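The values are calculated or read from the model by the stated rules, or taken from the named source; none is laboratory data. What you see is a predicted model, and the numbers here were worked out from it, not measured in a lab. Note that we place each Cβ from the backbone using ideal geometry, even for glycine, and neighbour counts take in every protein chain shown.
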Ligand SMILES: Nc1nc2c(ncn2[C@@H]2O[C@H](COP(=O)(O)OP(=O)(O)OP(=O)(O)O)[C@@H](O)[C@H]2O)c(=O)[nH]1
Ligand SMILES: [Mg+2]
């Protein structure tokens, strides 16, 4: 992941020949407060981009243009409680340039705690996860997001939920290190 970080940090000055090199430029994108920085802190090795929905990046078009997001190879798109219209617009932009992405739903720990408080004994965590996954699939149905590319995580507890599967999926799309490195 160190490689992707060093590449990302220089992505603004990247030249076309870089495209052939052994790097993957990941963009961690999403609305402000969706958990990108917390994910970076939990994992390390990614470059932390700002979120949209702030005075600097009020809409997805400005966000996309200013951060030159089309230069990235892969996208980690962060969402929190709801899949908003700007979230959908961002997914659409990524799809329009045919770049792969993972959709990462953060803060599941909050939902679990909240349900536990409300329902006490009868709470079934797998039902909640299914409900959230189905909600995301439904909201993104016109964009046909693959179910296996959706990860429900808590940045506060990387041992639980889909955090490990997400890391595994990220590792799987990284290029193999060159022999001798
Ligand atoms: N409960 C819970 N809180 C989280 C989680 N991820 C992030 N947070 C909290 O949500 C708030 C925003 O998280 P950040 O990681 O700073 O958000 P960001 O996406 O980097 O947003 P900006 O960089 O400000 O645009 C912080 O208070 C985090 O501690 C999570 O998985 N669970
Ligand atoms: Mg941040």
Practice item. Determine whether segment 148-155 contains at least one residue that is under 23 Å from residue 39 (Cβ atoms) and surrounded by fewer than 10 Cβ atoms within 10 Å (Cβ to Cβ). Key: yes
Exercise for review: Look through segment 15-47, keep the residues that are out of contact with any strand residue (DSSP E or B) (no Cβ under 8 Å at 6 or more places or on another chain), farther than 19 Å from residue 63 by Cα and part of a loop (DSSP other than H, G, I, E, B), and return whichever of them is modelled with the lowest pLDDT.
Suggested key: 15
Point to revise | Selection from segment 100-127 of residues that are touching a helix residue (DSSP H, G or I) at 6+ places or on another chain (Cβ under 8 Å) and either under 25 Å from residue 173 (Cβ atoms) or surrounded by fewer than 18 Cβ atoms within 10 Å (Cβ to Cβ) (or both) | key: 100, 101, 102, 103, 104, 105, 106, 108, 115, 123, 125
Point to revise | Extreme residue, nearest to residue 112 (Cα to Cα), among residues of segment 134-170 that are free of Cβ contacts under 8 Å to residues at least 40 places away in the same chain and within 15 Å of the chain's Cα centre (by Cα) | key: 162
Practice item. Specify which of the listed residues (97, 136, 108, 104) is modelled with pLDDT of 95 or more, out of contact with any strand residue (DSSP E or B) (no Cβ under 6 Å at 6 or more places or on another chain) and under 24 Å from residue 46 (Cβ atoms). Key: 97
Point to revise | Residues (within 9 Å of ligand 1 (Cβ to nearest atom), within 13 Å of the chain's Cα centre (by Cα) and not in a loop (DSSP other than H, G, I, E, B)) located in segment 48-80 | key: 78
Check your understanding: Can you name the number of the only condition in (1) touching a helix residue (DSSP H, G or I) at 6+ places or on another chain (Cβ under 9 Å); (2) at pLDDT 95 or above that residue 157 fails?
Key -> (2)
Check your understanding: Is it the case that residue 88 is surrounded by fewer than 18 Cβ atoms within 10 Å (Cβ to Cβ) and assigned to a helix (DSSP H, G or I)?
Key -> yes
Exercise for review: Would you confirm whether any residue within segment 148-161 is in a helix (DSSP H, G or I) and out of contact with any strand residue (DSSP E or B) (no Cβ under 8 Å at 6 or more places or on another chain)?
Suggested key: yes
